[in-house]
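Student: Right, I'll just put the structure down here and ask away after.
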Amino acid sequence: MLVVTSLQGQTDPLPDINGVEVAEQVNGEYSLSFVCFNTKNNEHAYPLVQEEATVELDGHEFRIKQMTEVRDRKEVHAQHIFFDLVDHYQEGTYGGTHTLDEFVQYALNGTGWTFENVDVTESAFIPNFGEGNVVALIRQICDAFGCEYQIMPGRHLRFMKQI
């Protein structure tokens, strides 16, 4: 079941939905699409479904980015909240030779996100690492180490040589 949370923090389940689709790509898109209806079961949740509200599915949070309302139905497209980190800028640089864990700790500092490193053991050199948004820094780390990341429930990332 989907649960919607408004920008004001009000949370309600959204039982009457249709066409739920999750699109996930390694190191890329992670989105949720669905249609919800203004029914008796949805009477409290339906008004909460607005752009920038969040929707939870199986421990993953998605932010509503596009919504079309026609009569008593809303078509919704939401992006995983990991991609909100494009607005979180890491100041300063942390270049040089470091482990994946050291680079990721630097990139995620202050975001509330955690991570696990499954099997990437080597060090890599990344000159002038930093001074960028967190999503770009994570991609830069994966390029340098030849690894992939997976977005997990609970604001957690998993890094592996291959997902």
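The values are calculated or read from the model by the stated rules, or taken from the named source; none is laboratory data. Treat the numbers as computed from the prediction; the structure is a model and nothing was measured. Methodologically, a virtual Cβ is constructed for each residue, glycine included, from the backbone with ideal geometry; neighbour enumeration extends over all protein chains shown.
Student: Regarding the stretch 49-68, can at least one residue be identified that is without any contact (Cβ under 8 Å) to a residue 40 or more places away in the chain and out of contact with any strand residue (DSSP E or B) (no Cβ under 8 Å at 6 or more places or on another chain)?
Tutor: There is no residue in the stretch 49-68 that is without any contact (Cβ under 8 Å) to a residue 40 or more places away in the chain and out of contact with any strand residue (DSSP E or B) (no Cβ under 8 Å at 6 or more places or on another chain).
Student: Still on this structure, please answer the following. Considering only residues that are exposed (fewer than 13 other Cβ atoms within 10 Å of the Cβ) and polar (S, T, N, Q), which ones fall in the stretch 17-36?
Tutor: Those that are exposed (fewer than 13 other Cβ atoms within 10 Å of the Cβ) and polar (S, T, N, Q): ASN18, GLN25.
Student: Would you check if GLU116 is charged (D, E, K, R) and within 17 Å of the chain's Cα centre (by Cα)? So that I can check it myself, show each step before the final result.
Tutor: Details: charged (D, E, K, R): yes; within 17 Å of the chain's Cα centre (by Cα): yes.
It is true that GLU116 is charged (D, E, K, R) and within 17 Å of the chain's Cα centre (by Cα).
Student: Search the stretch 10-60 for residues being more than 13 Å from the chain's Cα centre (by Cα) and hydroxyl-bearing (Ser, Thr, Tyr), and hand back the single one that is farthest from ILE141 (Cα to Cα).
Tutor: Residue satisfying both the conditions and the ranking: THR39.
Student: For the stretch 24-48, how many residues are within 18 Å of GLN79 (Cα to Cα), at pLDDT 95 or above and touching a Ser or Thr at 6+ places or on another chain (Cβ under 9 Å)? Let's see the steps before the verdict.
Tutor: Keep residues of the stretch 24-48 that are within 18 Å of GLN79 (Cα to Cα), which gives 24-36, 48.
After this cut, where a residue has to be at pLDDT 95 or above as well, the list is 30-36, 48.
Restricting the remaining residues to those that are touching a Ser or Thr at 6+ places or on another chain (Cβ under 9 Å) gives 48.
Count: 1.
Student: Return the total of residues in the stretch 104-153 being at pLDDT 95 or above and at positive phi.
Tutor: Counting residues in the stretch 104-153 that are at pLDDT 95 or above and at positive phi gives 3.
Student: (1) touching a strand residue (DSSP E or B) at 6+ places or on another chain (Cβ under 9 Å); (2) farther than 30 Å from PRO15 by Cβ; (3) without any contact (Cβ under 8 Å) to a residue 60 or more places away in the chain: which one isn't true of ALA136, the others all being true?
Tutor: Exception for ALA136: condition (1).
Student: Do you know which residues across the stretch 131-163 are of a type outside the set (Ser, Thr, Tyr) and touching a Leu at 6+ places or on another chain (Cβ under 8 Å)? Can you show your working first?
Tutor: The first filter runs over the stretch 131-163 and keeps only residues of a type outside the set (Ser, Thr, Tyr), leaving 131-148, 150-163.
Within the stretch 131-163, ASN133, VAL134, VAL135, ILE138, ILE141, PHE145, CYS147, GLN150, ILE151, LEU157, PHE159 qualify.
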